[in-house]
Structures are given as C-alpha cells and as structure tokens.
Amino acid sequence: MRMLTRPRLDLPLLLALFLLACAGLATLYSAGGGNYSLVGGQAARFVLGAILLLVISRIPPPVLRSWTPWLYMGSTALLVVVAVLGEGRGAYRWLDLGVMRFQPSELLKLTMPMMVAWYLHPRQLPPGWKDIAVVGLLIAVPAGLIAEQPDLGTALLVAGAGAFALFLSGMAWWRIGLLVGGAAATVPVAWQFLHEYQRNRVRTMFDPESDPLGNGWHIIQSKIAVGSGGVFGKGWQHGTQSRLDFLPEHTTDFIFAVFSEEFGLIGVIAIMLLYAFIIGRCLWIAMNARDTYSRLLAGAIGMSFFVYVAVNGGMVAGILPVVGVPMPLVSYGGTSAVSLLTGFGVLMSIHANRKLHD
C-alpha cells in the first residue's frame, strides 16, 4: 500500500473549519485589545495545524491503523516524561522543547480513540466484558497520568474520547447502563480524592454569589458578559467586560463570553450552527466509513468535538464547573488548535478512502 495518496479533501468541512478559525481570530483580536502578536501566534498555530491536516489527509487509514499502537505508546510515554521533567503554572503539564512548549496530553485526545478503534477493529462486535475491560485499561492508564498532573478536565476528555469509540462499537444498552451506574456510584469516593480547588469549582457552580470576589468571580463576570450582549450584541470591539478587565481569562477559557457579549444571541446561534454542521459532517463521514477502525475513530472524533463545545459553553453560561476546556478553534493558546486540526486531517483521510472506493 502506498504511504501517501493524492489529497481528496472534504471541502464543506474544510470551509466550515476556515470560517470558524476566522471567527476565532476576529474575537481574539477584540478580546486581546488589538494585540497583533496574540493573533499572530494563534494564526501560526492554525497554519501549522493546516499543514498537518493536509499531510495526514494523504495517509490512508490502513497505514494510520498500523501506526496506532506506536502512537499510543509514544504519547503515553511522554506523559511519564511530563511527570518527571514537566513544568506549568500550578501543575506539571508541559514539556519545554526550547523553541516551543508542548502539552503531551493533547496527543491523547487523538491517539486514545485511535487505540480503542484499533483494538476493536479485528474483534467481534458488539464487544463482550473481556474486551470492554481491556479497553477500560487502555483508557485508564493515560487518563490517570493526566489526572495526576493535575488536569482533571483533560483527563475526562481523553477518557471520554476512548469511551465514545467503545460506545459506537454497538455495546448493548444494558451494558452501557451498568457501566454508567457503576461510574455514578464511585462519585462519592472520587470526591474524596479531588484537590480542594477542584471541589471549590463544583461548589461555586451551584452558588457563585457565595464568594463573589473569589471563586465565584469567573462565573459571575462571564454571565454578566453573556447577558449584556442581548439579542444583537454590543458590536465587535465594543465589549466592556473584557476591555475593562472584569472578565478573567478572556482570551482563553472565557473567550466565548467575549463573543457572546459582542455578537449577542444572533452571533451565538450562528456559530453554534457552524459547530453543529462540523459535528454532523464528522458523523456523516463515520457513517460512510469503509471499515470498523475508520467508523469508530471518525465517530469518536466528532462526538469529542461536541463535548468540547458543550463543556466550554456550559462553563461560560455558569451551568458547568470551571474547567480548562477551550472553545474549539476560538480560544487562544496551547496546542489544542494544532491537535484539533490534526484530528480533522484523520477525518479527511477517512473521507478520502470512502471516496476512492465509491
């Protein structure tokens, strides 16, 4: 099999990603007070991600499948390196490569569903308890290492990405019910192992006014920004919560509050429709995939993308705890934009394989 094939891109998906990236850069320019270096840094990430998207889209899914165990083991090994050599603000999440800082946990958002799809590909589906247990172990090891950094939000996202691939394998609903019930039963025990700041985030979600100048400040200011946007918004570069520095992390985790304030309900509906189209396109690619590996992987990527949007949107609206989950292709920083576009490169590869066989 050829290592590379002629690129066959899904143009509707590519156009949607381009529009979303443009909306993200425009919002970042406003939220950052016209800081060109901030926008330039994000644009550079988009360019790097686009290059990776184009390269990976030319790699046939069977080749990606053969690489999967090595990619999974390599990214998991990097988590061990982070535990020894990592750096960060209050947590050890990054590796300093000299020219750039790199967050290995971002790799697992892609290599995790790849590994679960690889394991289930040659096996009889729906999976039995033995295969479910093996998948659970594959998920637990890297998720546990990420949670120890500590980065519980990313750990749950990585675990969710693997769980989506398992769910899409056709598990019986009674098995899903037992697993969900078992997970729910462990919540009181898991609560005891949370760091105090993590518990405070959960408590604050229910009553942010109990500590308006401390733990509740983020949520209160975010809700003010979202509500003050009204139906039509205050206009681009006319948001007050970010420009007057009331809203913390207004270029990263809470940038969607800036977008909501400036573009209002109409803008929020428009960008949510764009997100919905991207998610729907991912699931359409999954439905038309040629093999089990491609179908599970494409579906897991699409469902994970939905979770990123839902969690950040819920956090900004004050109905979910504050966690470090950025709004995809809108929030600034980190390697999330690069890893997301890399994942869409995998989707393009799966789509191209479908087209080649139609």
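The values are calculated or read from the model by the stated rules, or taken from the named source; none is laboratory data. If you're wondering where the values come from, they're calculated on a predicted model, not measured in any experiment. Glycine also receives a Cβ, built like all others from the backbone with ideal geometry; neighbour counts cover every protein chain displayed. Just the protein is used for accessible areas: all its heavy atoms, side chains included, with ligands, DNA and RNA removed. Shrake-Rupley method; radii C 1.70, N 1.55, O 1.52, S 1.80 Å.
Specify the angular offset, from 0 to 90 degrees and rounded to the nearest 10, of the alpha carbon long axis of helix 152-167 from the longest principal axis of the alpha carbons in the chain.
Taking the Cα atoms of the chain, the angle to 152-167 is about 40 degrees.
Starting from 0.36 nm per residue, how many nanometres of slack lie between Phe246 and Ala44 once their C-alpha separation is accounted for? Provide the component values of the computation, followed by the final result.
Working: separation 202, 0.36 × 202 = 72.72 nm, distance 2.82 nm.
Extra length available between Phe246 and Ala44 comes to 69.9 nm.
State, to one decimal in nm, how far the label point of Ala270 lies from the label point of Val55, with both points 7 Å from Cα in the Cβ direction.
Result for the modelled spin labels: 3.5 nm.
Give, in nm to one decimal, the length gained when the segment between Val202 and Arg175 is fully stretched (0.36 nm per residue of separation minus the Cα-Cα distance).
Length gained, Val202 through Arg175: 6.8 nm.
Kindly write out, for the stretch 276-284 in residue order, the coupling ³J(HN,Hα) from the Karplus curve 6.51 cos²θ - 1.76 cosθ + 1.60 (θ = phi - 60°), rounded to whole Hz, with x marking Gly and Pro.
Each residue of the stretch 276-284 in turn: 4, 5, 4, 5, x, 5, 4, 5, 5 Hz.
What is the sum of charges around Ile319, taking Lys and Arg as +1, Asp and Glu as -1, for the other residues whose C-beta is under 14 Å from the C-beta of Ile319? Before the final figure, lay out each step's value.
Details: positive: Arg201, Lys223; negative: Asp207.
Here the charged neighbours net out to +1.
About the Cα centre of the chain, how large is the charge dipole given +1 on each Lys and Arg Cβ and -1 on each Asp and Glu Cβ? Please answer in debye to the nearest 20.
Result for the chain is approximately 1220 debye, rounded to the nearest 20.
Could you tell me the distance between the Cα centroids of the stretch 20-58 and the stretch 108-147, to the nearest Å?
If you average the Cα positions of each part, the centres end up 32 Å apart.
Once each part is reduced to its C-alpha centroid, what is the distance from the stretch 229-263 to the stretch 166-183 in angstrom?
Centre-to-centre (Cα) distance: 40 Å.
Would you mind calculating the relative contact order of the stretch 11-353 from Cα pairs under 8 angstrom and at least 6 residues apart, reporting the percent as a whole number?
Numbers: 500 pairs, mean separation 94.2, N = 343.
Relative contact order for the stretch 11-353 comes out at 27 percent.
Considering the zone a paramagnetic label at Leu283 would reach in this model (a point 7 Å from Cα along the Cα-to-Cβ line), which residues of the stretch 318-342 have amide N under 20 Å from it?
In the stretch 318-342, the label zone of Leu283 (backbone N under 20 Å from the point 7 Å along Cα→Cβ) covers 328.
Accessible area of the chain with a 1.4 Å probe: how many percent of it is carbon plus sulfur?
Whole-percent figure for carbon plus sulfur exposure: 69.
Once the Cα atoms of helix 196-206 and of the chain are each reduced to a long axis, what angle between those two axes, in degrees from 0 to 90 to the nearest 10, is obtained?
Roughly 70 degrees, rounded to the nearest 10.
Which angle from 0 to 90°, rounded to the nearest 10, does the C-alpha axis of helix 217-228 make with the longest principal axis of the chain?
Relative to the chain, helix 217-228 is tipped by roughly 80 degrees.
Keeping every protein chain present and rolling a 1.4 Å probe, give me the accessible area per residue for the stretch 190-238 in Å².
In whole numbers, the stretch 190-238 has 64 Å² accessible per residue.
Dividing the convex hull volume of the alpha carbon atoms of the stretch 181-282 by its residue count, what do you get in Å³ per residue?
Here the figure is 150 Å³ per residue.
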